[in-house]
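Since the structure comes first, as C-alpha cells, the remarks are kept for the end.
The values are calculated or read from the model by the stated rules, or taken from the named source; none is laboratory data. Everything quoted here is computed from the prediction, not taken from an experiment. As a convention, Cβ positions derive from the backbone with ideal geometry for all residues, glycine included, and neighbour counts pool all protein chains shown. In case anyone asks, the SASA skips ligands and DNA or RNA and just uses the protein heavy atoms, side chains included. Shrake-Rupley method; radii C 1.70, N 1.55, O 1.52, S 1.80 Å.
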Amino acid sequence: MDFVLSGAAACGACLFTNPLEVVKTRMQLQGELKSRGSYQVYYRNVFHAFYTIGKVDGLAGLQKGLMPGLVYQFFMNGIRLGSYAVIESSGYIHTNGRVSAAKTTVAGAVAGVVGAVIGSPVYLVKTHLQSQSTSSIAVGHQHKHQGMILALSAIYKQHGILGLWRGSSAAVPRVSVGSAAQLSTFSSSKELVVDLQVFPKDSWLVPLSAGMISSVVVVMAMTPFDVVSTRLYNQPVDHLGKGQLYKGFADCFSKTLRKEGLMGLYKGLGASYFRLGPHTILSLLFWDELRKLYQQFR
C-alpha cells in the first residue's frame, strides 16, 4: 500500500506541474551546445515561455507528455517513495530516536536509483513528446512521435529493448541526487518544525513547511543533472541507437560546461523551481497525508 499511495501522491502533483515540465524541457534544450548570443531565443523566461507555447502550440501544448508523465510519476515515485517509506518504518533512518542525515541521504539515494531505472523508458518518451513543437519555436531534436504507446513501440522496433533505456546513465545520478536531497531534507525539516512547535505535530502544515524547505535544496542540487538528463534523452541517434551529440553522461556534462559555461548547466533554473518546487511540496504533502489517512483507517 505504501507504493500505491506514493504513486497516487506523485500523480496528483503531476497534474498541476506538467505544464511547468514542458516549459523546463524547452528552456533546457534552447541554445544546446551554442555560446550565448549565437542562437535565437524563443523563450526569454518562464512566463514568456508559458505565453509563447500557449500562443503557438495552444493550451494543449502546455500539457504535452501528460500521459507518460503520469505513468512515470506513478511507477518511479511509487517505487522511490514507497521504498523510502518501508525503510523509514523499519527504523533504519533513525539513530537514538533522531533522524540521521547520513542514513536518510543513503536511503533516499538508493530508493531514487531503483525508481529511475524502472521509470527510464517512459521518461525517455515524455522528454521526446514535451520537446515537440511547431517549427517556428522548436528547440532541440524533434522526434515526431504520435503518442506514448506508438513512441515506445517505434523505439523498441528500431533499437530493441536496450533502446528503451537510452539515457538512463543520466537518469540514475539525476534521480539519486534529487531523491537524496529531497528525502533527507524533508525528514530533517519535518523533525525541526515539530521541535520548534511552529504547528501542531499532526497538522498538514508540518509536511507542507518541510516540503517548501526541501524544494529549494532539491532544485539547486538537481538542476545540472536535470539539464544533462534532458539533453541525453532528447538527442538524435544513429541507426545503431548511439547518440549523435553525446557519448554519455560525462561527455554531455563536459561539453555543456565547455560550450555554454556554468550557467549552461543551470539553464531553465527558474522553470526548474516553478516545476520541481511545487511538485516536491505537493507530492510530499499528499504522500504524508495519504499515509496518515491509511494508518487511521487500516
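Which one of the conditions (1) open to solvent by 20 Å² or more (accessible area, probe 1.4 Å); (2) within 19 Å of the chain's Cα centre (by Cα); (3) within 29 Å of ASP288 (Cβ to Cβ) does SER169 fail to meet, given that it meets all the rest?
Condition (3) is where SER169 drops out.
Looking only at residues that are assigned to a helix (DSSP H, G or I) and among the aromatic types (Phe, Trp, Tyr) in segment 203-234, which one is most open to solvent (accessible area, probe 1.4 Å)?
The qualifying residue most open to solvent (accessible area, probe 1.4 Å) is PHE225.
Give the number of residues within segment 6-38 that are without any contact (Cβ under 8 Å) to a residue 60 or more places away in the chain, open to solvent by 50 Å² or more (accessible area, probe 1.4 Å) and either under 18 Å from GLN63 (Cβ atoms) or touching a strand residue (DSSP E or B) at 6+ places or on another chain (Cβ under 6 Å) (or both).
1
How many residues does segment 89-138 hold that are surrounded by 24 or more Cβ atoms within 10 Å (Cβ to Cβ), of a type in the set (A, V, I, L, M), out of contact with any Lys or Arg (no Cβ under 8 Å at 6 or more places or on another chain) and modelled with pLDDT under 90?
1
Return the total of residues in segment 180-202 being of a type in the set (A, V, I, L, M, F, W, C) and open to solvent by 40 Å² or more (accessible area, probe 1.4 Å).
Selection size over segment 180-202: 5.
If you go through segment 240-270 one residue at a time, how many are surrounded by 14 or more Cβ atoms within 10 Å (Cβ to Cβ) and part of a helix (DSSP H, G or I)?
14
Residues of segment 239-298 being in contact with a Lys or Arg (Cβ under 8 Å, 6 or more places away or on another chain) and among the polar types (S, T, N, Q), which ones?
Within segment 239-298, THR256, SER272 qualify.
Within the group ARG258, ARG275, which residue is under 28 Å from GLY140 (Cβ atoms) and modelled with pLDDT under 90?
Selected residue: ARG275, the only one of ARG258, ARG275 that is under 28 Å from GLY140 (Cβ atoms) and modelled with pLDDT under 90.
I'd like to verify a number: residues in segment 241-262 that are of a type in the set (A, V, I, L, M, F, W, C) and without any contact (Cβ under 8 Å) to a residue 40 or more places away in the chain, how many?
Residues meeting the conditions: 4.
Residue check: is VAL177 within 12 Å of the chain's Cα centre (by Cα) and either among the charged types (D, E, K, R) or open to solvent by 10 Å² or more (accessible area, probe 1.4 Å) (or both)?
Answer is yes for this residue.
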